[in-house]
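The structure appears right after this line, and notes come after that.
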Amino acid sequence: MQKIASHLWFDKEAKEAAEFYTSIFKDSRVKNTTTLHNTPSGSVDIVTIGVAGQEFMLISAGPLFKFNPSISFLVACETKEEVDALWKKLSERGVALMELGEYPFSERYGWTEDRYGLSWQVMFMGDREMKQNITPTLMFVGDVCGNAEKAIHFYASVFRRSQVGNILRYGKGGEPDKEGTITHAAFTLEGQEFAAMDSARAHNFAFNEAISFMVYCDSQEEIDYYWGKLSAVPAAEQCGWLKDRYGLSWQIVPTVMDEMLKAKDRKKVARVTEAFLKMKKFDIEALKQVYEQ
(Lines give C-alpha, C1' and ligand atoms only; values in the text may rest on other atoms or scores of the structure.)
Protein backbone atom coordinates (compact mmCIF):
# COMPACT_ATOMS: atom_id res chain seq x y z
CA MET A 1 0.00 0.00 0.00
CA GLN A 2 1.19 3.50 -0.86
CA LYS A 3 2.18 5.29 2.37
CA ILE A 4 0.67 8.67 1.44
CA ALA A 5 -2.42 8.92 -0.77
CA SER A 6 -4.22 11.98 -2.11
CA HIS A 7 -7.79 12.32 -0.81
CA LEU A 8 -10.33 14.25 -2.89
CA TRP A 9 -13.63 15.54 -1.46
CA PHE A 10 -16.60 15.73 -3.84
CA ASP A 11 -20.21 16.71 -3.29
CA LYS A 12 -21.88 13.74 -5.05
CA GLU A 13 -19.54 12.96 -7.94
CA ALA A 14 -16.87 10.60 -6.51
CA LYS A 15 -17.98 7.54 -8.52
CA GLU A 16 -18.41 9.55 -11.71
CA ALA A 17 -15.03 11.26 -11.26
CA ALA A 18 -13.33 7.94 -10.56
CA GLU A 19 -14.59 6.54 -13.86
CA PHE A 20 -13.53 9.73 -15.66
CA TYR A 21 -9.96 9.80 -14.31
CA THR A 22 -9.34 6.08 -14.80
CA SER A 23 -10.61 6.35 -18.38
CA ILE A 24 -8.15 9.04 -19.46
CA PHE A 25 -4.90 8.01 -17.76
CA LYS A 26 -2.92 4.94 -18.73
CA ASP A 27 -2.40 2.15 -16.20
CA SER A 28 -5.40 3.23 -14.12
CA ARG A 29 -8.27 1.38 -12.47
CA VAL A 30 -10.96 1.56 -9.82
CA LYS A 31 -9.64 -0.51 -6.91
CA ASN A 32 -12.54 -0.45 -4.47
CA THR A 33 -15.88 1.23 -3.78
CA THR A 34 -17.43 1.39 -0.29
CA THR A 35 -20.57 3.11 0.96
CA LEU A 36 -20.78 4.24 4.59
CA HIS A 37 -24.20 4.93 6.08
CA ASN A 38 -25.42 7.16 8.92
CA THR A 39 -22.60 9.70 8.73
CA PRO A 40 -23.11 13.46 9.25
CA SER A 41 -23.25 13.67 5.43
CA GLY A 42 -25.75 10.80 5.15
CA SER A 43 -24.66 7.88 2.96
CA VAL A 44 -21.12 8.45 1.74
CA ASP A 45 -19.42 6.82 -1.25
CA ILE A 46 -15.68 6.18 -0.95
CA VAL A 47 -13.81 5.15 -4.10
CA THR A 48 -10.14 4.15 -4.23
CA ILE A 49 -8.43 4.42 -7.60
CA GLY A 50 -4.96 3.91 -8.99
CA VAL A 51 -4.03 6.54 -11.57
CA ALA A 52 -0.74 6.25 -13.44
CA GLY A 53 1.04 4.79 -10.43
CA GLN A 54 -0.53 7.05 -7.79
CA GLU A 55 -3.31 6.15 -5.35
CA PHE A 56 -6.24 8.51 -4.88
CA MET A 57 -9.23 8.18 -2.57
CA LEU A 58 -12.40 10.00 -3.64
CA ILE A 59 -15.33 10.67 -1.31
CA SER A 60 -18.84 11.98 -1.96
CA ALA A 61 -19.66 13.74 1.31
CA GLY A 62 -21.60 16.89 0.48
CA PRO A 63 -20.80 20.44 -0.66
CA LEU A 64 -18.69 21.46 2.35
CA PHE A 65 -15.39 21.96 0.53
CA LYS A 66 -14.41 23.07 -2.97
CA PHE A 67 -11.23 22.37 -4.92
CA ASN A 68 -8.92 25.29 -5.71
CA PRO A 69 -5.47 25.69 -7.34
CA SER A 70 -3.53 25.78 -4.04
CA ILE A 71 -3.04 22.05 -4.66
CA SER A 72 -2.71 20.80 -8.21
CA PHE A 73 -1.45 17.61 -9.82
CA LEU A 74 1.46 17.87 -12.24
CA VAL A 75 1.29 15.26 -15.00
CA ALA A 76 4.66 14.48 -16.60
CA CYS A 77 4.31 13.58 -20.28
CA GLU A 78 6.84 11.93 -22.60
CA THR A 79 5.49 13.54 -25.78
CA LYS A 80 3.73 16.74 -26.82
CA GLU A 81 0.97 14.58 -28.31
CA GLU A 82 0.34 13.08 -24.88
CA VAL A 83 0.06 16.60 -23.43
CA ASP A 84 -2.46 17.57 -26.09
CA ALA A 85 -4.58 14.45 -25.59
CA LEU A 86 -4.74 14.85 -21.81
CA TRP A 87 -5.37 18.59 -22.05
CA LYS A 88 -8.32 18.03 -24.38
CA LYS A 89 -9.98 15.65 -21.93
CA LEU A 90 -9.09 17.42 -18.68
CA SER A 91 -9.99 20.91 -19.89
CA GLU A 92 -13.36 19.92 -21.39
CA ARG A 93 -16.06 21.75 -19.37
CA GLY A 94 -13.26 23.12 -17.19
CA VAL A 95 -11.40 26.44 -16.82
CA ALA A 96 -7.90 27.08 -18.20
CA LEU A 97 -5.61 28.75 -15.65
CA MET A 98 -2.60 28.85 -18.00
CA GLU A 99 -3.49 28.16 -21.61
CA LEU A 100 -1.89 25.25 -23.43
CA GLY A 101 1.22 26.48 -25.20
CA GLU A 102 5.00 26.96 -25.12
CA TYR A 103 6.61 28.37 -21.99
CA PRO A 104 10.26 29.00 -20.93
CA PHE A 105 10.17 25.87 -18.76
CA SER A 106 8.42 23.55 -21.26
CA GLU A 107 7.72 23.40 -24.99
CA ARG A 108 4.19 22.17 -24.24
CA TYR A 109 2.39 22.97 -21.01
CA GLY A 110 -1.02 23.94 -19.69
CA TRP A 111 -2.73 24.35 -16.31
CA THR A 112 -6.45 23.71 -16.10
CA GLU A 113 -9.26 23.10 -13.67
CA ASP A 114 -11.27 20.10 -14.84
CA ARG A 115 -15.06 19.73 -14.87
CA TYR A 116 -15.02 19.08 -11.09
CA GLY A 117 -12.76 22.03 -10.27
CA LEU A 118 -9.66 19.89 -9.63
CA SER A 119 -6.43 21.48 -10.93
CA TRP A 120 -4.03 19.71 -13.28
CA GLN A 121 -0.72 20.87 -14.76
CA VAL A 122 0.08 18.92 -17.91
CA MET A 123 3.70 19.22 -19.05
CA PHE A 124 6.00 17.83 -21.73
CA MET A 125 9.16 16.86 -19.89
CA GLY A 126 11.61 16.76 -22.79
CA ASP A 127 14.93 15.26 -21.68
CA ARG A 128 14.13 15.61 -17.97
CA GLU A 129 13.88 12.42 -15.93
CA MET A 130 10.33 11.30 -15.13
CA LYS A 131 10.49 9.85 -11.63
CA GLN A 132 6.72 9.92 -11.11
CA ASN A 133 3.86 10.39 -13.58
CA ILE A 134 1.64 12.49 -11.30
CA THR A 135 3.09 14.80 -8.64
CA PRO A 136 1.00 16.68 -6.05
CA THR A 137 2.05 20.34 -6.12
CA LEU A 138 1.48 22.74 -3.22
CA MET A 139 1.16 26.49 -3.81
CA PHE A 140 1.78 28.63 -0.73
CA VAL A 141 -0.33 31.79 -1.02
CA GLY A 142 -1.78 34.49 1.22
CA ASP A 143 -0.74 34.20 4.86
CA VAL A 144 1.61 31.26 4.16
CA CYS A 145 3.26 32.73 1.05
CA GLY A 146 7.04 32.65 1.50
CA ASN A 147 6.85 29.56 3.68
CA ALA A 148 7.28 26.91 0.99
CA GLU A 149 10.93 26.28 1.86
CA LYS A 150 10.26 26.03 5.60
CA ALA A 151 7.35 23.71 4.90
CA ILE A 152 9.21 21.24 2.72
CA HIS A 153 12.07 21.01 5.21
CA PHE A 154 9.51 20.47 7.97
CA TYR A 155 7.74 17.69 6.06
CA ALA A 156 11.09 16.08 5.23
CA SER A 157 11.92 16.07 8.96
CA VAL A 158 8.62 14.36 9.81
CA PHE A 159 8.49 11.63 7.17
CA ARG A 160 11.02 8.89 6.65
CA ARG A 161 12.77 8.22 3.34
CA SER A 162 12.54 11.93 2.57
CA GLN A 163 14.74 14.30 0.63
CA VAL A 164 14.66 17.92 -0.50
CA GLY A 165 15.59 18.13 -4.16
CA ASN A 166 16.21 20.94 -6.64
CA ILE A 167 15.00 24.41 -5.60
CA LEU A 168 14.40 27.25 -8.07
CA ARG A 169 14.00 30.77 -6.66
CA TYR A 170 12.58 34.11 -7.70
CA GLY A 171 15.24 36.63 -8.62
CA LYS A 172 15.22 40.43 -8.56
CA GLY A 173 12.37 42.05 -10.41
CA GLY A 174 9.98 39.19 -9.73
CA GLU A 175 7.55 41.32 -7.76
CA PRO A 176 5.18 40.84 -6.10
CA ASP A 177 7.16 37.68 -5.23
CA LYS A 178 10.13 38.28 -2.95
CA GLU A 179 13.61 37.54 -4.17
CA GLY A 180 14.74 34.16 -2.84
CA THR A 181 11.28 32.67 -2.38
CA ILE A 182 10.48 29.52 -4.30
CA THR A 183 9.24 29.28 -7.89
CA HIS A 184 9.49 25.48 -7.81
CA ALA A 185 10.94 22.95 -5.42
CA ALA A 186 10.94 19.16 -5.60
CA PHE A 187 10.89 17.00 -2.49
CA THR A 188 10.31 13.37 -1.59
CA LEU A 189 8.30 11.96 1.34
CA GLU A 190 8.28 8.21 1.97
CA GLY A 191 9.74 7.77 -1.51
CA GLN A 192 6.92 9.73 -3.16
CA GLU A 193 7.51 12.89 -5.18
CA PHE A 194 5.91 16.22 -4.25
CA ALA A 195 6.49 19.79 -5.41
CA ALA A 196 5.94 23.23 -3.89
CA MET A 197 5.98 26.90 -4.86
CA ASP A 198 5.29 30.35 -3.41
CA SER A 199 2.97 32.85 -5.06
CA ALA A 200 2.51 36.38 -3.70
CA ARG A 201 -0.05 37.33 -6.32
CA ALA A 202 -3.60 38.07 -5.20
CA HIS A 203 -5.46 34.79 -4.77
CA ASN A 204 -8.89 34.25 -3.32
CA PHE A 205 -8.13 30.74 -2.13
CA ALA A 206 -5.99 28.78 0.33
CA PHE A 207 -5.41 25.18 1.40
CA ASN A 208 -8.63 23.53 2.57
CA GLU A 209 -10.07 20.10 3.29
CA ALA A 210 -11.15 19.46 -0.30
CA ILE A 211 -7.70 17.93 -0.82
CA SER A 212 -5.92 16.21 2.02
CA PHE A 213 -3.15 13.65 2.26
CA MET A 214 -3.83 10.31 3.92
CA VAL A 215 -0.98 8.75 5.87
CA TYR A 216 -1.49 5.02 6.40
CA CYS A 217 -0.16 3.73 9.72
CA ASP A 218 0.44 0.12 10.80
CA SER A 219 0.49 0.80 14.55
CA GLN A 220 -0.84 3.12 17.24
CA GLU A 221 2.72 4.28 17.79
CA GLU A 222 2.85 5.51 14.19
CA ILE A 223 -0.50 7.28 14.50
CA ASP A 224 0.64 9.00 17.70
CA TYR A 225 3.90 10.04 16.04
CA TYR A 226 2.40 11.66 12.95
CA TRP A 227 -0.44 13.22 14.92
CA GLY A 228 1.97 14.78 17.39
CA LYS A 229 4.25 16.10 14.67
CA LEU A 230 1.64 17.45 12.24
CA SER A 231 -1.42 18.64 14.16
CA ALA A 232 -1.29 22.41 14.81
CA VAL A 233 -4.97 23.43 14.83
CA PRO A 234 -6.90 21.65 17.63
CA ALA A 235 -10.25 22.87 16.30
CA ALA A 236 -9.61 21.00 13.03
CA GLU A 237 -9.03 17.63 14.68
CA GLN A 238 -11.83 15.26 13.75
CA CYS A 239 -12.20 11.66 12.50
CA GLY A 240 -8.46 11.29 11.87
CA TRP A 241 -8.21 14.68 10.15
CA LEU A 242 -5.84 17.46 11.20
CA LYS A 243 -4.35 20.67 9.90
CA ASP A 244 -0.65 21.44 10.09
CA ARG A 245 1.05 24.78 10.84
CA TYR A 246 0.67 25.83 7.19
CA GLY A 247 -3.04 25.01 6.93
CA LEU A 248 -2.53 21.81 4.92
CA SER A 249 -4.94 18.99 5.78
CA TRP A 250 -3.79 15.45 6.56
CA GLN A 251 -5.57 12.27 7.59
CA ILE A 252 -3.70 9.89 9.89
CA VAL A 253 -5.41 6.54 9.43
CA PRO A 254 -4.75 2.97 10.56
CA THR A 255 -4.12 0.56 7.70
CA VAL A 256 -6.37 -2.00 9.39
CA MET A 257 -9.38 0.32 9.13
CA ASP A 258 -9.26 0.06 5.36
CA GLU A 259 -9.95 -3.68 5.64
CA MET A 260 -12.61 -3.13 8.31
CA LEU A 261 -14.61 -0.83 6.04
CA LYS A 262 -14.43 -3.35 3.19
CA ALA A 263 -16.07 -6.07 5.33
CA LYS A 264 -19.18 -7.73 3.91
CA ASP A 265 -20.80 -7.72 7.35
CA ARG A 266 -22.67 -4.41 7.34
CA LYS A 267 -23.13 -4.49 11.11
CA LYS A 268 -19.37 -4.57 11.61
CA VAL A 269 -18.91 -1.66 9.18
CA ALA A 270 -21.69 0.28 10.94
CA ARG A 271 -20.07 -0.22 14.36
CA VAL A 272 -16.66 0.87 13.11
CA THR A 273 -18.19 3.90 11.37
CA GLU A 274 -20.08 4.94 14.50
CA ALA A 275 -16.91 4.55 16.57
CA PHE A 276 -14.52 6.48 14.34
CA LEU A 277 -16.97 9.36 13.85
CA LYS A 278 -16.63 10.08 17.58
CA MET A 279 -12.82 10.08 17.51
CA LYS A 280 -10.32 12.83 16.83
CA LYS A 281 -7.09 10.83 16.72
CA PHE A 282 -7.84 7.23 15.77
CA ASP A 283 -7.53 4.53 18.44
CA ILE A 284 -6.73 1.22 16.74
CA GLU A 285 -7.54 -0.95 19.76
CA ALA A 286 -10.94 0.70 20.23
CA LEU A 287 -11.76 0.18 16.55
CA LYS A 288 -10.76 -3.48 16.74
CA GLN A 289 -12.94 -4.01 19.77
CA VAL A 290 -16.12 -2.73 18.13
CA TYR A 291 -15.28 -4.56 14.89
CA GLU A 292 -14.88 -7.90 16.68
CA GLN A 293 -18.00 -7.69 18.87
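Please report the orientation-averaged projected area of the range 1-141, defined via the convex hull of its C-alpha atoms, in nm².
Details: hull surface 36.4 nm².
It is 9.1 nm².
To one decimal place, what Kirkwood hydrodynamic radius in Å is obtained for the range 253-293 from all pairs of distinct Cα atoms? Intermediate values should be presented prior to the final figure.
Working: mean 1/r = 0.1004 Å⁻¹.
Kirkwood hydrodynamic radius for the range 253-293: 10.0 Å.
Residues within the reach of a label modelled at Leu168 (point 7 angstrom out along Cα to beta-carbon, backbone nitrogen below 13 Å), restricted to the range 65-103, are 103. For the residues Asp127, Asp114, Asp265, a GNM of the chain with alpha-carbon springs under 10 Å puts the largest fluctuation on Asp127. Over all pairs of distinct alpha carbons, what does the Kirkwood formula give as the hydrodynamic radius of the range 127-209, in Å? That comes to 13.4 Å for the range 127-209. Each eigenvalue of the Cα gyration tensor of the range 70-135, multiplied by 5 and square-rooted, gives one semi-axis; in descending order these are 18, 12, 10 Å.
Computed from the C-alpha gyration tensor, the three semi-axes of the ellipsoid equivalent to the range 1-76 are 21, 15, 11 Å, from longest to shortest.
With every protein chain left in place, what is the accessible area per residue of the range 113-195 in square angstrom, probe 1.4 Å? Walk me through the intermediate numbers first.
Working: 3920 Å² over 83 residues.
Here the per-residue accessible area is 47 Å².
Across q = 0.12 Å⁻¹, the range 191-293 modelled as identical point scatterers on its alpha-carbon atoms has Debye log10 I(q)/I(0) values of -0.47, in the order of the q list.
A 1.4 Å probe run over the protein chains yields, for the range 214-289, 49 Å² of accessible area per residue, whole-number rounding. Considering the options Asn204, Gly247, Gly94, tell which one lies farthest towards the positive end of the dipole of the chain, charges being +1 on Lys and Arg and -1 on Asp and Glu at the Cβ, about the Cα centre. Working it through, the farthest residue towards the positive pole turns out to be Gly247.
Averaging the Cα positions of each part gives two centres, and for the range 8-87 and the range 165-196 these lie 26 Å apart. Which whole-number percentage describes the relative contact order of the chain, with Cα contacts under 8 Å and a sequence gap of 6 or more? Computed over the chain, the figure is 15 percent. Solvent-accessible area assigned to carbon and sulfur over the range 1-94 amounts to 48 percent, based on a 1.4 Å probe. The label point for Asn32 and the one for Asp218, both projected 7 Å from the Cα toward the Cβ, are 1.7 nm apart. Each 10 Å bin, from zero up to the one with the longest distance, holds this percent of the alpha carbon pairs of the range 148-253: 14, 41, 32, 12, 2. Taking Lys and Arg as +1 and Asp and Glu as -1, the other residues whose beta-carbon sits under 10 Å from that of Asn133 total -1.
The values are calculated or read from the model by the stated rules, or taken from the named source; none is laboratory data. Remember, predicted model here, so these are calculated numbers, not experimental data. Ideal geometry is used to build each Cβ from the backbone, glycine not excepted, and the neighbour counts take in all protein chains shown. Each accessible area value is taken on the protein alone, full model and side chains, heavy atoms only, with ligands, DNA and RNA left out. Shrake-Rupley method; radii C 1.70, N 1.55, O 1.52, S 1.80 Å.
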